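Nothing in this text is a laboratory measurement; each read-out follows from the coordinates by a stated rule. Computed from a predicted model, the values in this text were never measured in an experiment. Every residue, glycine as well, gets a Cβ built from its backbone with ideal geometry; the counts of neighbours run over all protein chains shown.
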Amino acid sequence: MKIFMTRNIKNHLTLAVALVIGLSSLTVYGQQHPSLDNYLFTPVSISPANAGMQQQDVVSLVDAQWVGIKGAPRTGIISADYRSLNGLGLNMTLVTDAVGPATTSYMGLSAAYHLPISEEATLSTGLRVSLGRSTVDFNNEFYFDLVDPNIYSVQGPMMANVDVGTTLNTKNFYAGVSFKNLNRAEIYKNNYTAQVLHVFGGHRMDVTKDWALTSSFLMTGTSNSPADLNMHAYVERSNTWGVGLHYSPADEMGMLFRVKPTDDWHLFYQYNFPLTELVYVTRTSHVVGVAFNVMQKVTSLTSPRYFL
C-alpha cells in the first residue's frame, strides 16, 4: 500500500524520526550494551580514566544481541590504546550501534594521567570527548511514493559529549567512578543525551602459582531509567586462558571465554541468556572479539591484571 506524503503525515514522520533518533542515541543505555556487560574487554568504555589500561593495543568486538529478533541491537567496537612511561594514557574508540532502522556512529578520544601515589597504588583521572551522529533508514520499515528520496535516509545533527572519570588502582584491587554526557548534547529538537553515572570496582586474588580469580562489579545509574548492575567472576590460568560468569539481575546472565595463544594476541567470546520476557522469542546474545598489539610493549610499566 502506497502512502502519499501530506503535510500532516510529514509532521508525524518528523516526530517519528525524532523519537527513533533519540532512542538510537540512547541505545547505549537502553539495552545491555557492550560498554556494560563487556567492560572487562574494553575498560575505557565505562571510564576515560582507563585509557591506557587495556592489555592489548587494539581491541575489536562485535555484539549481536537478541538473535532472531528483527531489528535487534548490533554493535561494533574498535578501540586503540596507548600508555607512555610517564603515566599518560590515550585511547581512540570507534563505535557503530544499530537498532531497527536507526544507526548511531561516533568516535571517542580519551586521555588519562596515571599518577603514582604510593609504591603499589595509582590514581588515574581521565577526560573523553566524543562526536557522533544518528541516521534513520526507513527503507525496510515503511513504503512511500518515490516523491522525495530524502525521506528514506534522515540524518540527525552532530552530537558532541564530554565524559570524566577517576580510578584508584592497587596491586590487587581497583575502584572508580565516572560521569558521562556532562553537557547533555541535543539529539533532535529538544531531545538530549542521557547523563550516566558509573560506579565500579574489582579484586584479583592469586589462588595458586598458576591460577587467579578476578571478580568485579559495575553499577550504572541513567537519568530517567532504572539502575543497572553487572557482576563478573573470572578464573584464569597463567595469563593464557580463562573462563568466567556474567550476571545482571533481571536482565541477563552468561559465560565468557578468553584464550591468549601469544603475548601479542588474544581471542574472546561471550554468550548471554536473557532473564526477561525476551526468553520467549530469543535465547541467545553473542559477543566475539579479538585483541592484539601493534608495537613492542614497554617492560618497566605494566597495567593491573583486572581487565582481560
Exercise. Give me L90, L229, L36 ranked fewest to most by other Cβ atoms within 10 Å of their Cβ, as a rough exposure proxy.
Key: L229, L90, L36
Quiz item: Which order do L40, L267 fall in if you start with the one that has the fewest other Cβ atoms within 10 Å?
Solution: L267, L40
